[in-house]
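Enquirer: First the structure, then my questions, so here it is.
Only the coordinates and a few stated rules stand behind these numbers; no lab work does. Fair warning: this is a prediction, and the values are worked out from it, not measured in the lab. Cβ placement follows ideal geometry from the backbone for every residue including glycine, while neighbour counts extend to all protein chains displayed.
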Amino acid sequence: MKCFVCGIGTMRVQSAIVEANVRGESFRVQVEAEVCDHCGETVLTDAQADAYSIASADAYRRAHGLLTTDEFKAARKRLGLSQRAFACRLGVGVNSVKRWEAGAIQDESSDRLIRLCTDVEAARTNLRELESALPIESRLGPVPVTVQAETRSDWAGFSPLTGSGPASGRSPDCSYAA
Ligand SMILES: [Zn+2]
């Protein structure tokens, strides 16, 4: 394809360093692009633009200690979850998961939630911090169980060993479908 800027060169697919501006910060990201071999004009196809969005978001995320798209997908796949099931686990809409994986930058609280729900070390650290912050009687230990007569029927079939049984008012289908 001839370059539409200089009319002389040919557009060729190559790796290019492209400026990215994310939330007021500048980054240089390496992406595949169509580059004119004469004047250097650089354009992105739709697919290249999608990759550029993710690369830009990832540059920002790395600078701010947030999970990148690949890390996010890897965490979800480690658990063998679909985007929808993962959204249910996090208590967010499936569109949030789709947007994050496509390069929308998650806020810090979402990032923390994702780590707590997917990363054993983050969960352990959280438990340690929580236990050291709580008064001793609130820490993990035998949990006294009181079942009141009027609520017992809600728990018919509940097994304390497996935790199976009727969920407390929660629909078996995740309602965070939006
Ligand atoms: Zn050109």
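Enquirer: Got a sec? How would SER56, SER110, SER138 order by Cβ neighbour count within 10 Å, fewest to most?
Expert: Listing SER56, SER110, SER138 from fewest to most nearby Cβ atoms yields SER138, SER110, SER56.
Enquirer: Sort out for me the Cα centre separation of the range 80-96 from the range 1-49, rounded to whole Å.
Expert: 34
Enquirer: At a 10 Å Cβ-Cβ cut-off, how would you order SER53, SER132, fewest neighbours first?
Expert: Fewest-to-most Cβ neighbours within 10 Å comes out as SER132, SER53.
Enquirer: Write down Rg/Rh for the range 69-139, rounded to two decimals, with Rg from the C-alpha atoms and Rh from the Kirkwood relation over Cα pairs.
Expert: Using only Cα positions, Rg/Rh for the range 69-139 is 1.06.
Enquirer: Simple spin-label model, 7 Å along Cα-to-Cβ: PHE4 to ALA122 in nm?
Expert: Going from the PHE4 label point to the ALA122 one covers 4.2 nm.
Enquirer: How would ASP119, ASP58, ASP46, ASP37 line up from fewest to most surrounding beta-carbon atoms within 10 angstrom?
Expert: Ordered from fewest to most neighbouring Cβ atoms within 10 Å, ASP119, ASP58, ASP46, ASP37 come out as ASP46, ASP37, ASP119, ASP58.
Enquirer: Place a point 7 Å from the Cα of ARG139 along the Cα-to-Cβ direction; which residues of the range 85-122 have their backbone N under 20 Å from it?
Expert: Within reach of a label on ARG139: 121-122.
Enquirer: Any aspartates and glutamates with Cα under 20 Å of the LYS2 Cα? List them, leaving off those in the same chain fewer than 8 positions away.
Expert: Reachable aspartates and glutamates: GLU32, GLU34, ASP37, GLU41, ASP46.
Enquirer: Stretch GLU32-ARG62 to full length: gain in nm at 0.36 nm per residue minus the Cα-Cα span?
Expert: Contour length minus Cα-Cα distance gives 8.8 nm.
Enquirer: Let me know the Rg and Dmax you get for the range 11-63 when you use only its Cα atoms, in Å.
Expert: 11.3, 35
Enquirer: Could you tell me the calculated FRET efficiency between CYS39 and GLU108, based on Cβ-Cβ distance and R0 = 41 angstrom, to the nearest 0.05?
Expert: Efficiency for this residue pair is about 0.45.
Enquirer: How are the Cα pair distances of the range 12-120 distributed, in percent, across 5 Å bins from 0?
Expert: For the range 12-120, the binned pair fractions read 2, 12, 20, 20, 15, 12, 9, 5, 2, 1, 0 percent.
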